[in-house]
Amino acid sequence: MSKRNRFFEDELIQSRFSRKMMGKALRYAVPYRRVILFIGVLMVVIGFTSLLPPMLNGILIDRVITTRAGFGSLNFWTVAIICLGAWAAVIIFEVVYSFFRMKLMGHAGFKIVEDIRKDAFGNLQKLTFDYYDTRPAGKILVRLTNNVDDLAHVFSNAILATLIDVVRVSLILVWLFVLDYRLASIIVIVVIPMGGALFFLQRSLMRRGRVMRNKVGNRTAYIAENIQGTTVTKCFNRTAGSSEVMHDVNTKANRAWYKMVRVNELFFPLSDGFFQIGLMAVYAASIFLFSRFGDASGLTLGTLISFIMYMGMFGPPLNAIALNLQQISDASSNLERIIEVVETKPDIVDDEDATELPPIEGRVQFEDVTFGYDEGVNILEDFNLDVPAGKTIALVGPTGAGKSTVVNLITRFYAIKSGRISIDGHDISTVTQSSLRRQIGVMMQDSFIFSGTILDNIRYARPEATQEECIEASKKVFAHEFITKLPNGYNTKTDEQGQGLSQGEKQLINIARLVLTEPKIVILDEATSSIDTETEGLIQNALKIILKDCTAFVIAHRLSTIRSADCILYIADRGIAEAGTHEELMGKKGRYYDLVKSAC
């Protein structure tokens, strides 16, 4: 699969629908096997009872209506009452069965889908940033929503209904041979080519369904991207251009849908056409037998009518099988994508013998580290760095040189190709990720605020923290004052992504969140680039307090943020091009000197 996948590029799913894949999906049905088994037993019973009405109809015609001969010692009135009573009982039984089947299987089906969605989402939480870097958020979103939702009907009804109808068709076909093997042979001759035709249609639908889902995923990805960038779109007057792009991706999705529908619409006409051909052949054969042999043909009027009724019962299950197979085929394209989410292995996993990282002082070492996001393209090569505990390191350099890469490797957000990264002498690849990240505080340029309350957001990393601890953390970073001015203070509701709060206010909440964890290593990646000068002053004062006893890595374009760093690293050419204090680097008049002068 292509590593970089954008909204206008189709996904190439490595896995393909197969019996093995369906088996993986059906494993989710194991916890509900008792309900499914119970329904299955009733399915066989209903398959037999559904054969009774045409048989009773034949008896009524031959033994009650036409001859009044009765049956054995029973007169025709008794036979009529028994047949009609049995017919009514079959109807009642089928109604009750259908009710319980839909109720029980509906519950089981949606529970299965709930389990699949839970596993898919749970695995997403384990996957590294590389997975998200290589897929638009909209395509990931559609897998956990639309794709999973489409499976609900398949598990709640389509699979079992198909099995029921297969059993019913098989029983009806056997009984047709019992009634008259000559007429039944005609049915078999018609059904075989019909089954072949439907099979090829089903394969075509799978291919077209896969294409359609790619196009629908592209459309959803573009919509999600456009919503996130709506401010930029309006500011640069690109609404008309965005509409054109949307028209293009929407047209491609609709065309793919039409192509699938054209094949899908052949299912019922094709199966109905074969049924009508079979019915005509049965009538033709019956006319021939009656005209040529008369009563000696062994075919009675009641038998013929029963046979025709069974044929009438034969058609709907075949149509239902065709429909359910189409739905199952349709869902198989979804299943490919969902199974891919569930089974994708994280690039970074804890070793079986991984240990908990003990309380740290904060010394960080890079030893001959090589890393690249794409194969064959390294961002860092043989990178070496030794940062003593408690020191503040600033990283500067051109865009894309690897500044953020350095700090992301400390937290093991990405896996290095070679080399070693250690904290206080502990190789970070040998400790658990949770114990590592618990002692590292990270603050990015994008100060993300979750829906909830101010208090919920501050204690996000420490859900068990008391309100008093949260307030104390807020006071340290000078966030307490603006929070108390909000309508409900710390209990003020926050909207999606902190709508209603300024960028500076959101950043102060994020710093309070960071302080509450009491980290020994702090990473600030452009943490003050999107805030006003006044708020930056508050944050700078807060950082002086926070970073006093911490090892800090600071990435910032504002030189005022990094001048006081213990060491400034100029990252370029896949490594450290220059290193030193502000004064030392200015004295060298190298790259850092040029950077400072260009900023003046």
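Mind checking the full-extension length gain between LYS493 and LYS118? Use 0.36 nm per residue of separation minus the Cα-Cα distance, one decimal, nm.
Details: separation 375, 0.36 × 375 = 135.00 nm, distance 2.71 nm.
132.3 nm is the gain from fully extending LYS493 to LYS118.
Please determine, in degrees from 0 to 90 and to the nearest 10, the orientation of helix 76-126 with respect to the longest principal axis defined by the Cα atoms of the chain, where the helix direction is its Cα long axis.
10
To the nearest Å, what is the center-to-center distance of segment 447-463 and segment 503-519, using C-alpha atoms only?
10
Quote the FRET efficiency, to the nearest 0.05, computed for LYS544 versus ASP573 with a Förster distance R0 of 22 Å and r equal to the Cβ-Cβ distance. Can you show the working numbers first?
Values: r = 33 Å, r/R0 = 1.49.
That gives a FRET efficiency of 0.10.
Given points 7 Å out from each Cα along the Cα-Cβ axis, report the SER291 to GLN503 separation in nanometres with one decimal.
For SER291 paired with GLN503, the spin-label model returns 9.0 nm.
Suppose the chain between SER170 and VAL44 were pulled fully straight at 0.36 nm per residue; how much longer would it get relative to their current alpha carbon spacing? It would help to have the intermediate numbers written out before the result.
On the way: separation 126, 0.36 × 126 = 45.36 nm, distance 1.10 nm.
Length difference between fully extended and current span is 44.3 nm.
What does the convex hull of the Cα atoms come to per residue for segment 365-421, in Å³?
81
Please report the accessible area of ARG420 (heavy atoms, 1.4 Å probe, ligands and nucleic acids excluded) in Å², nearest 10.
80
Can you run phi through the Karplus equation (6.51, -1.76, 1.60; θ = phi - 60°) for segment 134-146 and list ³J(HN,Hα) in whole Hz, with x for Gly and Pro?
9, 9, x, 4, x, 6, 5, 4, 5, 5, 7, 10, 4
Considering only protein heavy atoms, what is the solvent-accessible area of ASP272 at a probe of 1.4 Å, reported in Å² to the nearest 10?
Probe radius 1.4 Å; accessible area of ASP272 about 70 Å².
Need the full-extension length gain, ARG68 to THR355, defined as separation in residues times 0.36 nm minus the C-alpha distance. One decimal, nm. Walk me through the intermediate numbers first.
Values: separation 287, 0.36 × 287 = 103.32 nm, distance 8.86 nm.
Gain on stretching ARG68 to THR355: 94.5 nm.
Just read off the accessible area of HIS247 with the full protein assembly in place, 1.4 Å probe, to the nearest 10 Å².
So the heavy atoms of HIS247 present about 120 Å² to solvent.
Under the Karplus relation 6.51 cos²θ - 1.76 cosθ + 1.60, θ = phi - 60°, what is the ordered set of whole-Hz ³J(HN,Hα) values for segment 576-593, x standing for Gly and Pro?
Listing the rounded values in order: 9, 7, 8, 8, x, 6, 4, 5, 5, 5, 5, x, 6, 6, x, 5, 5, 4 Hz.
For segment 119-178, state the average projected area of the convex hull of the C-alpha atoms over all orientations, rounded to one decimal in nm².
Working: hull surface 23.1 nm².
Taking the Cα atoms of segment 119-178, their convex hull projects to 5.8 nm² on average.
5 Å is the cut-off here: which amide hydrogens, built 1.01 Å from N in the peptide plane, fall below it relative to ILE348, excluding neighbours closer than 5 in sequence?
So ILE348 has HN proximity to THR128.
What is the P(r) of segment 378-470, as percent of Cα-Cα pairs per 10 Å bin from 0?
11, 38, 32, 17, 3
Identify the trypsin sites (Lys or Arg not before Pro) of segment 469-524 meeting these criteria: DSSP loop state and at most 15 other C-beta atoms within 10 Å of the C-beta.
Values: sites: LYS475, LYS476, LYS485, LYS493, LYS506, ARG513, LYS520; in loops: LYS485, LYS520.
Filter output for segment 469-524: LYS485.
Would you kindly compute the Cα radius of gyration of the chain and its largest Cα-Cα separation (Dmax), both in Å?
Final numbers for Rg and Dmax: 35.4, 121 Å.
Taking the Cα atoms of segment 305-377 alone, what are Rg (to one decimal) and Dmax (as a whole number) in Å?
28.8, 90
Modelled label-to-label distance, GLU367 and ALA137, 7 Å Cα→beta-carbon offset: nm?
3.9
Sorted by accessible area (1.4 Å probe), largest first, how do SER474, SER291 line up? Write out the running numbers ahead of the final one.
Values: SER474 0, SER291 90 Å².
Highest to lowest solvent-accessible surface, that is SER291, SER474.
Just flag the chymotrypsin sites (Phe, Trp or Tyr not before Pro) in segment 173-251 sitting in loop per DSSP whose Cβ has no more than 11 other Cβ atoms within 10 Å. Display every interim value, and only then the final one.
On the way: sites: TRP175, PHE177, TYR181, PHE199, PHE200, TYR222, PHE236; in loops: PHE236.
For chymotrypsin sites (Phe, Trp or Tyr not before Pro) across segment 173-251 that sit outside H, G, I, E and B with at most 11 neighbouring Cβ atoms in 10 Å, the list reads PHE236.
Using a 1.4 angstrom probe with every protein chain in place, what is the largest-first accessible-area order of THR492, THR66?
On the way: THR492 20, THR66 85 Å².
My answer, sorted largest first, is THR66, THR492.
Through the Karplus equation 6.51 cos²θ - 1.76 cosθ + 1.60, θ set to phi - 60°, convert the phi angles of segment 474-485 into ³J(HN,Hα) values in whole Hz; use x for Gly and Pro.
5, 5, 4, 9, 6, 9, 4, 4, 6, 5, 5, 7
Longer than 24 Å from Cα to Cα, which of LYS118/LYS139; LYS126/LYS506; LYS485/LYS520; LYS548/LYS597; LYS345/LYS520; LYS24/LYS111 are they? Say none if no pair is. Each step should come with its number before you reach the end.
Details: LYS118/LYS139 17 Å; LYS126/LYS506 27 Å; LYS485/LYS520 31 Å; LYS548/LYS597 29 Å; LYS345/LYS520 30 Å; LYS24/LYS111 16 Å.
With Cα atoms farther than 24 Å apart: LYS126/LYS506; LYS485/LYS520; LYS548/LYS597; LYS345/LYS520.
Of all DSSP beta bridges in the chain, what percent run antiparallel (nearest 5)?
On the way: 21 of 40 bridges.
So the antiparallel bridges in the chain amount to around 50 percent.
Taking only DSSP H segments of four or more residues, each worth -39500 (n - 2.57), what value at 222 nm results for the chain once the sum is divided by all its residues, to the nearest 500 deg cm²/dmol?
Taking each H run of at least 4 residues, the total per residue is -19500 deg cm²/dmol.
Would you kindly give the portion of the calculated P(r) for segment 49-205 that falls above 19 Å, as a percent of all Cα pairs?
On the way: 8985 of 12246 pairs.
Tail of the P(r) past 19 Å holds 73 percent of the pairs.
Starting from the Cα of ALA86, step 7 Å along the direction of its Cβ; do the same at THR344; then give the gap between the two resulting points in nm.
5.9
Would you mind checking which residues have amide H under 5 Å from VAL522's amide H? H placed 1.01 Å from N; only 5 or more apart, or other chain.
Answer set, sorted by chain and number: GLY441, THR551, ALA552, PHE553.
The values are calculated or read from the model by the stated rules, or taken from the named source; none is laboratory data. Here the structure is a predicted model, which is why all the values come from computation and not from measurement. All Cβ positions, even for glycine, are placed from backbone atoms using ideal geometry, and neighbour counts span all protein chains on display. Heads up: the accessible areas ignore ligands, DNA and RNA and are worked out on the full protein's heavy atoms, side chains in. Shrake-Rupley method; radii C 1.70, N 1.55, O 1.52, S 1.80 Å.
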